[in-house]
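Peer 1: Questions regarding the structure given below will be posed in turn.
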Amino acid sequence: MTTHEVVNQVPPLAGYDAADDAALLAGLDREGAGWSAPALRELGRLAGTQEAAELGRLANEHPPVLRTHDRYGHRIDEVEFHPAWHELMRTAVEHGLHAAPWADDRPGAHVARAARFYTWRADAGHGCPISMTYAAVPALRHAPELAARYEPLLTATSYDAGLRAPQTKRGLLAGMSMTEKQGGSDVRANTTAAHPEPDGSYRLVGHKWFTSAPMCDLFLTLAQAPGGLTCFLVPRVLPDGTRNALRLMRLKDKLGNRSNASAEIEYEHAVAWRVGDEGRGVRTILDMVNLTRLDCVIGAAAGMRQGVLAAVHHATHRRAFGAHLVQQPLMRNVLADLAIESEAATTLMLRLAGATDRAARGDAGEGAFRRIALAIGKYWVCKRWPGHAAEALECLGGNGYVEESGMPRLFRESPLNSIWEGSGNVAALDVLRALTREPATLDAFSAEVAAAAGGDARLDAAAKQVRDELARPDDLEVRARRVVERLALVLQGALLVRHGHPAVADAFCATRLGGDHGQAYGTLPSGVDFAAIIDRATARTA
């Protein structure tokens, strides 16, 4: 008798187009980047291969290693990566997922980039240096001479690994170094000192508690100059080819994001150049922070999409109790609920990318909308991902709890985006700051929601409720999370009512706005069109 016959196991999720996503493609066209669809589909087919999945697996199973010294005792401060990491990075840079939109005059360039960043998710870790390189450009433009020197290399679509003088490389990567152990999000408490030199440069002395992707070529950092907290550009290698005095002390042992190195570093009189005026460091680097926050939303939306694909694929091929799981009513409820959350996140992230694109081209109204909606989205979409990842994992049962399924890695990644660039409280308070200090942001938000007025009574009622919440000035800070959650749900509801699939919009408004929903996923009410929602999410990939 055969003792080990493999039956009822699910085939690998491979050989599909990861860009074949109805919400993604509709939003791409709606936000002015329909011209980029062919390139997106090309990347999507690559992202859906078994080879891409294997690169992600290898990059995480062989995490980076710190090499502080060479064999002779010379200080080198290098990070050694598995070849899979470099292949992932090469693909991302060559497809323009980094700073390429800043060199592209076509309307929708930032939307096209957001869609590609969302689609190429074989590994989340390598997205960190890609994101920071994208975000560094507008901050660097506060120093026109530095921007003229480095921006063409930051936007170049050539991945050129290794520490060499920046001007000798075909392409550069940029990072960010702000956090210190005594301050965390309170960067004004930073103690790293910047001492001016006669030649106009500065020398930095201090310790940074979290500096991700320390193998980048350039870093934007904050330090206390004579005029106050200031932003600086710090190269890893100086123009003459010598190593800058930026010491890698250790790599962090993180919950997830293990393919990416995050280091504690020390500046030992490191050479730096000022970016922006002294004392204006926070204002300067916020141009970078806001764009990395956008990528937090994109990454969380992409993670939800991965979870939906994995869950529906498993349920489509796995049989239990006499039928495929996808045919079981309660499993269909769970899958549809996950798909609703995913589409709401994807639709919002594309709207934010569109606002970013138009704001970069001088649209003040879109700039005001982005200011508040980005903080709202950063709070809510990133908060929703961990629960979504857990439920998607559970759809695979015990198989989902095993590393080989890829679901534990997805789950470990899920808390990061809520922490990176300001945890939940920071994001929620930033929304309140925008509302109280920049009235145009509330006007822009209200106009966006008003465009969907009359489309769904539950949305209209929720919009009134959130207006009433904002009209109460007492204990607003205590209620910040509640208020921002309601703002997020109303905004997502308005976007889905206007642009989403009718079944998705109806179910979203019934459950997220109308209150007909339990605490867990899979508690959609009877009458929801589960088939339409699941088919829209994964028709060609299941």
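Peer 1: Out of all the residues in the stretch 89-98, which are in contact (Cβ under 8 Å) with a residue 60 or more places away in the chain and either outside any helix (DSSP H, G or I) or more than 21 Å from residue 164 (Cβ to Cβ) (or both)?
Peer 2: 95, 96, 98
Peer 1: Let me ask something else about it. Taking into account only those residues within the stretch 377-395 that are buried (at least 24 other Cβ atoms within 10 Å of the Cβ) and within 14 Å of the chain's Cα centre (by Cα), which is farthest from residue 444 (Cα to Cα)?
Peer 2: Taking the candidates together, the pick is 385.
Peer 1: Tell me which residues, restricted to the stretch 257-280, are over 28 Å from residue 74 (Cα atoms), out of contact with any Phe, Trp or Tyr (no Cβ under 8 Å at 6 or more places or on another chain) and of a type outside the set (Asp, Glu).
Peer 2: 257, 276, 279, 280
Peer 1: Another question, then. Under 8 Å between Cβ atoms, which residue pairs at least 6 apart in sequence (or on different chains) link something in the stretch 328-344 that is farther than 11 Å from residue 391 by Cβ and in contact (Cβ under 8 Å) with a residue 40 or more places away in the chain with a partner that is of a type in the set (S, T, N, Q) and surrounded by 23 or more Cβ atoms within 10 Å (Cβ to Cβ)?
Peer 2: 339/538; 344/492
Peer 1: Find all pairs meeting these conditions: Cβ atoms under 9 angstrom apart; at least six residues apart or on different chains; first residue within the stretch 373-400 and on the phi > 0 side of the Ramachandran plot; second residue of a type outside the set (A, V, I, L, M, F, W, C) and outside any helix (DSSP H, G or I).
Peer 2: Within 9 Å, the pairs are 397/318.
Peer 1: So, one more: What helices (runs of 4 or more DSSP H) lie completely within the stretch 103-182 and have 2 or more residues being farther than 20 Å from residue 40 by Cα and in contact (Cβ under 8 Å) with a residue 40 or more places away in the chain? Explain how you work it out, then say what you get.
Peer 2: Working: elements: 109-119, 127-140, 144-155.
By residue number, 127-140, 144-155.
Peer 1: Okay, moving on. Being buried (at least 16 other Cβ atoms within 10 Å of the Cβ), modelled with pLDDT of 95 or more, touching a helix residue (DSSP H, G or I) at 6+ places or on another chain (Cβ under 8 Å) and acidic (Asp, Glu) narrows it down to one residue among 21, 77; which is it?
Peer 2: Exactly one residue qualifies, and that residue is 21.
Peer 1: Of the residues in the stretch 146-184, how many are over 19 Å from residue 78 (Cβ atoms) and of a type outside the set (Asp, Glu)?
Peer 2: Step one: list which residues in the stretch 146-184 are over 19 Å from residue 78 (Cβ atoms), which gives 146-158, 167, 170, 176, 178-184.
With of a type outside the set (Asp, Glu) added as a condition, the list becomes 146-150, 152-158, 167, 170, 176, 178-179, 181-184.
Matching residues across the stretch 146-184 total 21.
Peer 1: Right, another one. Return yes when residue 260 is polar (S, T, N, Q) and farther than 23 Å from residue 140 by Cα and no when it is not.
Peer 2: Judged against the criteria, residue 260 is a match.
Peer 1: To continue, here is another question. What tally of residues in the stretch 63-72 results from selecting those that are surrounded by 12 or more Cβ atoms within 10 Å (Cβ to Cβ) and outside any strand (DSSP E or B)?
Peer 2: Of the residues in the stretch 63-72, 2 are surrounded by 12 or more Cβ atoms within 10 Å (Cβ to Cβ) and outside any strand (DSSP E or B).
Peer 1: Within the stretch 170-189, can one find any residue that is surrounded by fewer than 20 Cβ atoms within 10 Å (Cβ to Cβ), within 27 Å of residue 110 (Cα to Cα) and touching an Asp or Glu at 6+ places or on another chain (Cβ under 7 Å)?
Peer 2: Yes, there is a match, as at least one residue in the stretch 170-189 is surrounded by fewer than 20 Cβ atoms within 10 Å (Cβ to Cβ), within 27 Å of residue 110 (Cα to Cα) and touching an Asp or Glu at 6+ places or on another chain (Cβ under 7 Å).
Peer 1: Still on this structure, please answer the following. What is the number of the single condition among (1) part of a loop (DSSP other than H, G, I, E, B); (2) crowded, with 24+ Cβ neighbours inside 10 Å that residue 60 does not meet?
Peer 2: Condition not satisfied by residue 60: (1).
Peer 1: Go through 251, 335, 294 for me and flag whichever is in contact with a strand residue (DSSP E or B) (Cβ under 7 Å, 6 or more places away or on another chain), over 30 Å from residue 226 (Cα atoms), modelled with pLDDT of 95 or more and of a type in the set (A, V, I, L, M, F, W, C).
Peer 2: On the way: 335 fails: in contact with a strand residue (DSSP E or B) (Cβ under 7 Å, 6 or more places away or on another chain); 294 fails: in contact with a strand residue (DSSP E or B) (Cβ under 7 Å, 6 or more places away or on another chain).
Step by step, each of 251, 335, 294 is checked, and only 251 is in contact with a strand residue (DSSP E or B) (Cβ under 7 Å, 6 or more places away or on another chain), over 30 Å from residue 226 (Cα atoms), modelled with pLDDT of 95 or more and of a type in the set (A, V, I, L, M, F, W, C).
Peer 1: Before we move on, is residue 458 over 29 Å from residue 505 (Cβ atoms) and part of a helix (DSSP H, G or I)?
Peer 2: Considered against the rule, which asks whether it is over 29 Å from residue 505 (Cβ atoms) and part of a helix (DSSP H, G or I), residue 458 comes out as no.
Peer 1: Working carefully through the options 320, 302, 315, find the one that is in contact with a Lys or Arg (Cβ under 6 Å, 6 or more places away or on another chain), of a type outside the set (Phe, Trp, Tyr) and either in the same structural domain as residue 531 (by TED's automatic domain parsing) or under 22 Å from residue 533 (Cβ atoms) (or both). Spell out the reasoning first.
Peer 2: Numbers: 320 fails: in contact with a Lys or Arg (Cβ under 6 Å, 6 or more places away or on another chain); 315 fails: in contact with a Lys or Arg (Cβ under 6 Å, 6 or more places away or on another chain).
The match here is 302.
Peer 1: Name every residue in the stretch 1-30 that is among the charged types (D, E, K, R) and either more than 30 Å from the chain's Cα centre (by Cα) or assigned by TED's automatic domain parsing to the domain that holds residue 340 (or both), in order of residue number. Walk me through how you get there before you give the answer.
Peer 2: Residues of the stretch 1-30 among the charged types (D, E, K, R): 5, 17, 20-21, 29-30.
Passing the criteria: only 5.
Peer 1: Being touching a residue at least 60 places away in the same chain (Cβ under 8 Å), buried (at least 20 other Cβ atoms within 10 Å of the Cβ) and not in a loop (DSSP other than H, G, I, E, B) is the filter here; which residues of the stretch 494-518 pass it? Explain how you work it out, then say what you get.
Peer 2: As a first pass, look at the stretch 494-518 and keep what is touching a residue at least 60 places away in the same chain (Cβ under 8 Å): 495-496, 499-501, 504, 507-508, 511-512.
Remaining after also requiring buried (at least 20 other Cβ atoms within 10 Å of the Cβ): 495-496, 500-501, 504, 507-508, 511-512.
Passing the criteria: 495, 496, 504, 507, 508, 511, 512.
Peer 1: So which residues in the stretch 389-414 are outside any helix (DSSP H, G or I) and touching a Phe, Trp or Tyr at 6+ places or on another chain (Cβ under 8 Å)?
Peer 2: 414 - this is the single residue of the stretch 389-414 that is outside any helix (DSSP H, G or I) and touching a Phe, Trp or Tyr at 6+ places or on another chain (Cβ under 8 Å).
Peer 1: Something else: Which residues, taken from the stretch 11-34, are touching a Leu at 6+ places or on another chain (Cβ under 9 Å) and part of a helix (DSSP H, G or I)?
Peer 2: Within the stretch 11-34, 23, 24, 25, 26, 27, 28, 30, 34 meet the criteria.
Peer 1: Could you please let me know if residue 308 is in contact (Cβ under 8 Å) with a residue 40 or more places away in the chain, closer than 26 Å to residue 226 by Cα and not charged (D, E, K, R)?
Peer 2: Considered against the rule, which asks whether it is in contact (Cβ under 8 Å) with a residue 40 or more places away in the chain, closer than 26 Å to residue 226 by Cα and not charged (D, E, K, R), residue 308 comes out as no.
Peer 1: Could you check the stretch 175-192 and list, in sequence order, the residues that are out of contact with any strand residue (DSSP E or B) (no Cβ under 7 Å at 6 or more places or on another chain), of a type in the set (S, T, N, Q) and at pLDDT 85 or above? Working first, answer last.
Peer 2: Going residue by residue through the stretch 175-192, those that are out of contact with any strand residue (DSSP E or B) (no Cβ under 7 Å at 6 or more places or on another chain) are 182-186, 189.
Filter once more, keeping what is of a type in the set (S, T, N, Q): 182, 185.
Correct list: 182 only.
The values are calculated or read from the model by the stated rules, or taken from the named source; none is laboratory data. From a predicted model like this one, the values you see are computed outputs, not experimental measurements. Neighbour counts are summed over all protein chains in view; Cβ atoms, including those assigned to glycine, are modelled from backbone coordinates with ideal geometry.
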